[in-house]
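First up is the structure itself, then whatever we jot down about it.
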Amino acid sequence: MSKKFSAVVSALLAFVWSFGSTPAFADPWPNLGEFTFGGALWQFDNFGIAQGTDTSRHFDGNHSIYYPLEFFINNNNDLFQSGHDFVYCPNESTSQVSTQSDGDIVIECPRYELGTNTSVFAQLRFRIYGVEDNGWLLREELILSNDSGSDFTFNDLYTYQYAENYVYDSTGSNTFITSSGGNSALATNDTWFISAMNNGGSIVQTISWARTGNAAQHNITAGGYANIDGDLRTQYGQRIVPAGDSLHFIQFVNMNIPASPFTSSADAVADAQSQVQEFSVFTGRLTRGLDPLIDYIGWGLPVSTPTPTSTPTTVATSTPVTTVSLANTGSGVEVSNLLTISVVISTVGALMVLRSRKRNRFNY
């Protein structure tokens, strides 16, 4: 298939895929930036995820999840006078918030320019999963875009894991449960870890920054220890954004809440250990709303999976939702207008017919 023809087909398929993530409702920014699901509470501020805790706030403060995914740009004097700064969510109350038809909430922070007149931009996006499944999962996406006319280099990009770094350990308790490599402290090629205080003393948190076993492929390293000054972080190192292009980074945090009377973490830890099995592939709910044509750093291309067939539901406009499976992609797409998707698929078919007339055999 020629590059030109392939690009046309890919663009049309991406258009079709996009219907599956159409929001059902647009929402206002909640009071104090707090989003609640069942017994879980996620709080946001201008640095992104500020806290993850239970709605009764039993685990408020030192024993909650605290700023778990903080992207930091270092050694870039061409962006900042100090050479470094956190990526943030400017004027977070003006973020676009939408409730999806599956119950998830999507938050798109305002896009902002890094430095002055650089034409290099950053944006944070979050997806809070609305259904508990071995914990309460949240996805963070960082988009670094280069709108200038030349390549731009980020000299040193990494994320802090604040909760594990000093909040839990201020009690002196052993908090590191395990990592993807089965280690008691982060190893270079780890891709996730689980941490908590023992005996129901804190939220059980999981952090994941790459598909299991995929860190080296994406040049990501991890390091640090579970102690007060362990400097626990995920290193992305130097990253070059080509002119007119973007880089997309994905991380997840999962929250498991010990049951009352909060004397044991065993069940919550067991649920967390079941949940991390999801990170072995980049598919299912992990990829909801993502672009199938983007290679996400740490994860790769989203792998499509069929949407389970069920009784059609309705979205905000009361338009029936239909599930359509795309041949040769295996993707299930929920759309509110079957005619539109039929036209797109017909267009792809027509292009294939025209192409086949020029060649005796069409290679898929």
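The values are calculated or read from the model by the stated rules, or taken from the named source; none is laboratory data. All values derive from a computational prediction rather than experimental measurement. Virtual Cβ from ideal backbone geometry, glycine too; neighbours counted across all protein chains shown.
Structure values in brief
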quantity	calculated
Residue among 101, 64, 56 that is over 30 Å from residue 200 (Cβ atoms) and not β-branched (Val, Ile, Thr)	101
The listed residue being touching a helix residue (DSSP H, G or I) at 6+ places or on another chain (Cβ under 9 Å) and either of a type in the set (D, E, K, R) or surrounded by fewer than 15 Cβ atoms within 10 Å (Cβ to Cβ) (or both), out of 147, 85, 54, 102	102
Within segment 184-221, considering residues that are without any contact (Cβ under 8 Å) to a residue 40 or more places away in the chain and surrounded by 24 or more Cβ atoms within 10 Å (Cβ to Cβ), the one nearest to the chain's Cα centre (by Cα)	193
Unique match (being at pLDDT below 95 and farther than 20 Å from residue 235 by Cβ) among 81, 123	81
Answer residue from segment 204-259, given it is β-branched (Val, Ile, Thr) and under 12 Å from residue 157 (Cα atoms) and is modelled with the highest pLDDT among those	240
Qualifying residue in segment 232-251 (condition: farther than 30 Å from residue 301 by Cα, within 22 Å of the chain's Cα centre (by Cα) and of a type outside the set (Phe, Trp, Tyr))	no
Evaluation of residue 26 against (1) part of a helix (DSSP H, G or I); (2) surrounded by fewer than 18 Cβ atoms within 10 Å (Cβ to Cβ); (3) modelled with pLDDT under 90 (one fails), failing number	(1)
Residue in segment 64-82 that is nearest to residue 254 (Cα to Cα), counting only those that are hydrophobic (A, V, I, L, M, F, W, C) and crowded, with 20+ Cβ neighbours inside 10 Å	65
